[in-house]
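This report refers to the structure that appears directly beneath it.
The values are calculated or read from the model by the stated rules, or taken from the named source; none is laboratory data. Quantities reported herein were computed from a predicted structural model and do not represent experimental measurements. Here the Cβ is made from the backbone with ideal geometry for all residues, glycine too, and neighbour counts use every protein chain on show.
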Amino acid sequence: MSNTEQVKKQGFLTRAVHAGTEIDKETGAIRRPITMANSYALPYDASNLNWSAADLDTFVYTRNGGANQYYLQQKLCALEDGEDCAVLGTGVAALSGVFFAFLGHGDHAVVSDSTYIAAYRLLHEILPKKYGVESTLVDATNPEAVKAAIRPNTKLIHVETPTNPTIRVCDIQAVVKIAHDAGLLLSVDNTFASPYNQRPLTLGADLCVESLTKYINGHGDAMGGAVIGAKHLIDKIRAEALVNLGGAISPFNAWLIMRGAVTLPFRMPQHNRSALEVAYFLEKQSGIRFVAYPGLKSHPDHQVAKKQMKPGFGGVMAFGLKADHDAHNRFVSHLKVITSAVSLGHDESLIVFLGEKDERQYLYPEAFHEGFFRLSIGLEDTEDLIEDIRQALEKSDL
C-alpha cells in the first residue's frame, strides 16, 4: 500500500499534510521538488507507448501528465475521498473536460440555472451552437424541476452548490437519486464549499469539480482545476481533455497549489467564522437590501446547507444596497481592507460589483436585479472587516 493510500484512512488534517508528499528518492528531500521538465526519458522500447493516452505511471510528456501534477492529484484524491483525479490548467479547463468527455452531438445536459459564467456560456451558448449539444437550465434547489427537465437524450446533470453568484444550495443527495435512477452522471462544482466543508463524492455524486485557483490554493498566486471521481470516468477526461485538448497545468502551478492545499484545513475555519459574522452584521444594517449566505437562518436553503455543508458554510456571500448603481460603486471606493477584485478563496477579502446588465440576470432571484456584490471573506481579523464595511456604509450615507 502506498503512502497516499495509507493517508486516505487518516483524518483530514493529516491527509492535507501528507497525501502525495513522500520523500524524494533521488535527493532525500522531504518536500517534492519542482520538476520543470516537459519531457521524460523513454523506456527501452517506446514503440508500445500509447502517445494519446495519459498514463501517469509512465511519465512521457508534461501535456499528458508530469510529476508535480501527479503528486497534486494524489493529495486531491485524499481530500475529496475520490478514487482518481485529473488536474488541469484552470477551473474552466476542468469544467470543459467534463463536458467535452461526456457530451456529444445530439446529447442533452440538465444544468443549474445559476452557475459560473464560463459554465453558463459553454452549456447554454458554445456547445449548442458549435456541436449540437442541448442543455436545460433549471433551479437545482428544486429536485422536481431537475427531474422534469430530463429527456431521453440526457447524459449529464451538472450542478453548482453553493452557486455562483447567487449562493443557492441544492440537495446533492436528492439530485444524486434523480440522476442515478435515470442512469445519468452527476457532476458537482464544489468550488465555493471546498472539500473541507462539503464532499460531493461522499454524498454520491459521480464527479467533483474544483477550481484549484480558489480555496485549495488559497493564496491568489496560481491557477488550476481538477475533476475527481471513479477511475474509469477520470481516464476518459484525462485522455480526451488533458491530452487531446491540451489542458495541462504547469509544474510550477501544480507545486504552488500542492503547497497551498496543506493549509486548507486551517484557513477554512477562519473563512467560515468570519463570513458568518460579517453576514450577521450586514443583515442588521438598515442600508442593506438583502444578504445571501447559507449560514443565515433567513437563507432559503439554510436547512439543506446545515445537512450537507459541515463544519461550515464557506466564505462567499452576496448582498445588495438600498441604493442606486453609482452608490454601489461609491461604497466600494470607501473600502480600505476589502479589495475590489474578482476571484475568491484568497487570503485577502475580495469584492466585486455585479451590475444590472449581467447576461444571466433573468435567471437570478428578484432581489439581485438591482445590482449586487459578491463578497469573498479572507483571513483578516473579523472585527477589521466589519469595521471596514461599517465605515464604507457610513461614508456612503447608508
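Residues in the stretch 138-176 that are in contact with a Cys (Cβ under 6 Å, 6 or more places away or on another chain) and part of a loop (DSSP other than H, G, I, E, B): Ala140, Thr141, Thr161. Screening the stretch 358-396 for residues that are over 25 Å from His219 (Cβ atoms) and at pLDDT 95 or above and picking the one that is surrounded by the most Cβ atoms within 10 Å (Cβ to Cβ) gives Phe372. Is it true that Glu356 is assigned to a loop (DSSP other than H, G, I, E, B), outside the structural domain of Thr136 (by TED's automatic domain parsing), without any contact (Cβ under 8 Å) to a residue 40 or more places away in the chain and not hydrophobic (A, V, I, L, M, F, W, C)? Yes: the conditions hold for Glu356. A count restricted to the stretch 193-204 and to residues that are more than 19 Å from Phe266 (Cβ to Cβ) and either touching a Gly at 6+ places or on another chain (Cβ under 7 Å) or surrounded by fewer than 24 Cβ atoms within 10 Å (Cβ to Cβ) (or both) stands at 4. Checking each residue in the stretch 179-208 for being assigned to a helix (DSSP H, G or I) and either among the hydroxyl-bearing types (Ser, Thr, Tyr) or not assigned by TED's automatic domain parsing to the domain that holds Gly91 (or both) picks out Ser194, Tyr196. Would the stretch 292-307 turn up any residue that is crowded, with 16+ Cβ neighbours inside 10 Å, of a type in the set (Ser, Thr, Tyr), in the same structural domain as Ile338 (by TED's automatic domain parsing) and over 20 Å from Asp189 (Cβ atoms)? No.
Could you tell me whether the stretch 372-387 includes any residue that is touching a Phe, Trp or Tyr at 6+ places or on another chain (Cβ under 7 Å), within 26 Å of Asp139 (Cβ to Cβ) and assigned to a loop (DSSP other than H, G, I, E, B)? Within the stretch 372-387 (the criterion being touching a Phe, Trp or Tyr at 6+ places or on another chain (Cβ under 7 Å), within 26 Å of Asp139 (Cβ to Cβ) and assigned to a loop (DSSP other than H, G, I, E, B)), the answer is no, since none of the residues qualifies. The number of residues in the stretch 218-237 being buried (at least 23 other Cβ atoms within 10 Å of the Cβ) and under 13 Å from Gly89 (Cβ atoms) comes to 4.
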